[in-house]
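Asks: There's a structure below that I have some questions on.
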Amino acid sequence: MIIAVRIVKKLVMSDLDNTLLPIITQEEFVKIWFRDIAKKFYEHNIEQSRGLNAMNEGSRAMILNDGTMLNAERFFGTAVPLSGCTREKLVEALTDYYADTFANVRGICRENPYAPEIARLMRAHAEHAVIATMPMFPYEAAKTRMRWVGLDADSFDYVTSFDSCSYCKPNPGFYREILERFKVEPKDALMIGNDVREDMEPCEELGIETFLVTDHMITHGLDYSRFRRGTYPELIEFLKTV
């Protein structure tokens, strides 16, 4: 027997870090990331202080990206001159890091037994399901983090990364690019996230419906009372109605 699924939203997006993938603290995540990147630079004979400064400035350049080029190009265009090495050598070191050492970050991430069901409902109840994570890392980094909560990146229509995006959160342009990719109007989209400033407010500005996950909510001291919100189980019940 074929059961018809009512599709109301054409596009459902979800943040990853601290939405589907709980992280003990973002500060600890960054600390471990920079510590291990520094070790990888040493292994690849890249001067550590110059390399870390290049990472800092490259990351800042991505956050301020204005849409005129991909975040990856903005990053390398800023980082390579500061690193004291060629782009090829910097790419080699970062690729090596994400292939093995990046797994160290998993130690500060928590399990989320609700993530697979949330993902299933996203795919079942919309034409397009997207992981809209902060696009400051390569695709492989997002793919790895998704596996930690039992998600398969290949089962989604799109996963944002610095290889494919030309804005970062909270710039509304980040979400506008996703809408344009799938030719979807804001009113036909839904964004699930935990961060009021990075997920809720820019989507509200564009007219995208939102759901604020409260289990690991980040408010930045902003008022969130106007946003639909709830726990993981409440999100699951809501998605069944989408």
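Asks: Restricting attention to segment 224-242, which residues are under 17 Å from Arg123 (Cβ atoms), part of a loop (DSSP other than H, G, I, E, B) and among the β-branched types (Val, Ile, Thr)?
Replies: Thr241, Val242
Asks: Evaluate segment 158-169: report whether one residue or more is open to solvent by less than 30 Å² (accessible area, probe 1.4 Å) and in a helix (DSSP H, G or I).
Replies: The answer is no, given that none of the residues of segment 158-169 is open to solvent by less than 30 Å² (accessible area, probe 1.4 Å) and in a helix (DSSP H, G or I).
Asks: How many residues does segment 184-223 contain that are open to solvent by 40 Å² or more (accessible area, probe 1.4 Å), over 22 Å from Ile24 (Cβ atoms) and part of a loop (DSSP other than H, G, I, E, B)?
Replies: Total meeting the criteria: 4.
Asks: Moving on. Between a first residue in segment 107-132 that is open to solvent by 60 Å² or more (accessible area, probe 1.4 Å) and a second residue that is among the hydroxyl-bearing types (Ser, Thr, Tyr), which pairs have beta carbons less than 6 Å apart while being 6 or more apart in sequence or on different chains?
Replies: Between residues of segment 107-132 that are open to solvent by 60 Å² or more (accessible area, probe 1.4 Å) and residues that are among the hydroxyl-bearing types (Ser, Thr, Tyr), the close pairs are Tyr114/Tyr232.
Asks: If you go through segment 21-28 one residue at a time, do you hit one that is of a type in the set (A, V, I, L, M, F, W, C), open to solvent by 10 Å² or more (accessible area, probe 1.4 Å) and assigned to a loop (DSSP other than H, G, I, E, B)?
Replies: Yes: one or more hits.
Asks: Return a yes/no flag: does segment 133-146 have any residue that is assigned to a loop (DSSP other than H, G, I, E, B) and more than 13 Å from the chain's Cα centre (by Cα).
Replies: No - not one qualifying residue is present in segment 133-146.
Asks: Suppose we filter segment 43-91 for residues that are open to solvent by less than 80 Å² (accessible area, probe 1.4 Å) and assigned to a loop (DSSP other than H, G, I, E, B); how many remain?
Replies: 9
Asks: Follow-up question, since we're still on this one. (1) within 12 Å of Ser83 (Cβ to Cβ); (2) out of contact with any helix residue (DSSP H, G or I) (no Cβ under 8 Å at 6 or more places or on another chain): which one isn't true of Leu52, the others all being true?
Replies: The one condition Leu52 does not meet is (2).
The values are calculated or read from the model by the stated rules, or taken from the named source; none is laboratory data. These numbers come from a predicted model, not from an experiment. Glycine also receives a Cβ, built like all others from the backbone with ideal geometry; neighbour counts cover every protein chain displayed. To get the accessible areas, we keep the full protein, side chains included, count just its heavy atoms, and leave off ligands, DNA and RNA. Shrake-Rupley method; radii C 1.70, N 1.55, O 1.52, S 1.80 Å.
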